1. Hey, what's the Cα Rg ratio for segment 93-154 versus the globular rule of thumb, 2.2 N^0.38 Å?
2. Whenever you get a sec, line up Arg57, Arg72 from highest to lowest accessible area (probe 1.4 Å, protein heavy atoms).
3. Roll a 1.4 angstrom probe over the protein heavy atoms and tell me the percent of accessible area of segment 68-146 that is carbon or sulfur.
4. Any idea which of Asn34, Phe21, His79 is furthest toward the positive side of the dipole for segment 17-89, if Lys and Arg beta-carbons carry +1 and Asp and Glu beta-carbons -1?
5. List, largest first, the extents of the alpha carbons of the chain along their principal axes, each in whole Å.
6. Is the shape of segment 118-182 rounded, prolate or oblate, going by the alpha carbon gyration tensor and its root eigenvalues a ≥ b ≥ c, with a/c under 1.5 for rounded and a/b larger than b/c for prolate?
7. Run the helix sum for the chain: -39,500 (n - 2.57) per DSSP H stretch of 4+ residues, divided by residue count, reported at 222 nm to the nearest 500 deg cm²/dmol.
8. For Ser95, what residues show an amide H to amide H distance below 5 Å, using hydrogens built from the backbone and excluding near sequence neighbours?
Amino acid sequence: MSEYSSLYINIQIKEEKLQHFFQEKPMPQSIDENWSKWWDSRKMYSKQPLSNLPYYRVQNNRAVFDQLLNGRDFGGVEHYDKNTERWTFIVVFFSENYTEISPMLSLLKQLATYQDAADTGVAFIYDFFWDCEEVMAYLEFASQQALFKDYSTTKEIEPAILIEANRALEAAVEKFSQQFKE
């Protein structure tokens, strides 16, 4: 049985552009070389060819994130730092399979187009809670694009980024645990 991986997003984006992104609808993405290369690098049971990219079919992008924040079982946390213009979004228990993560990956690719050209960031889905070091997906944001890296273990992630993600997820787990004590 597979276990849920965690989602960590930390990107630089102007607040008004982030709000504009939230108001828009999720858009279908095209399969390109970056998608194909990432998909081919993944190890999974009963792997099918990448023939389409599912996307969320909701009223707007904000609805996707609100569902993850408001769902009692996800452990979602969000923060926007106005000083650094960085948005952090975390889900402790996000997903356990590639089919489920594909719509989020499409949404993150869309989000990158709302950044300024010099804005940067990362988003990744990895085994934080269960400590087996697996990385399902890793996106690097730069030049208004979110591009996959073929990382498959946490050892491939820049240590400072991984330390920051782990600290943020530890805080999210603590907050999530407090909900069950109340």
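1. Taking N as the residue count of segment 93-154, the ratio is 1.15.
2. Details: Arg57 185, Arg72 130 Å².
Largest accessible area first, the list is Arg57, Arg72.
3. Working: 1510 of 3210 Å².
Carbon with sulfur: 47 percent of the solvent-accessible area.
4. Selected residue: Asn34.
5. So the extents along the principal axes, rounded to whole Å, are 45, 40, 34.
6. Judged from the Cα gyration tensor, segment 118-182 comes out prolate (a/c at least 1.5, a/b above b/c).
7. Details: 5 runs with 66 residues, N = 182.
Dividing the helical sum by the residues of the chain leaves -11500 deg cm²/dmol.
8. Ser5
The values are calculated or read from the model by the stated rules, or taken from the named source; none is laboratory data. Keep in mind that what you see is a predicted model, and the values were worked out from it rather than measured. Positions of Cβ are generated from backbone atoms using ideal geometry, with glycine treated the same way; all protein chains shown enter the neighbour counts. The area values use the complete protein model at the heavy-atom level, side chains included, leaving out ligands, DNA and RNA. Shrake-Rupley method; radii C 1.70, N 1.55, O 1.52, S 1.80 Å.
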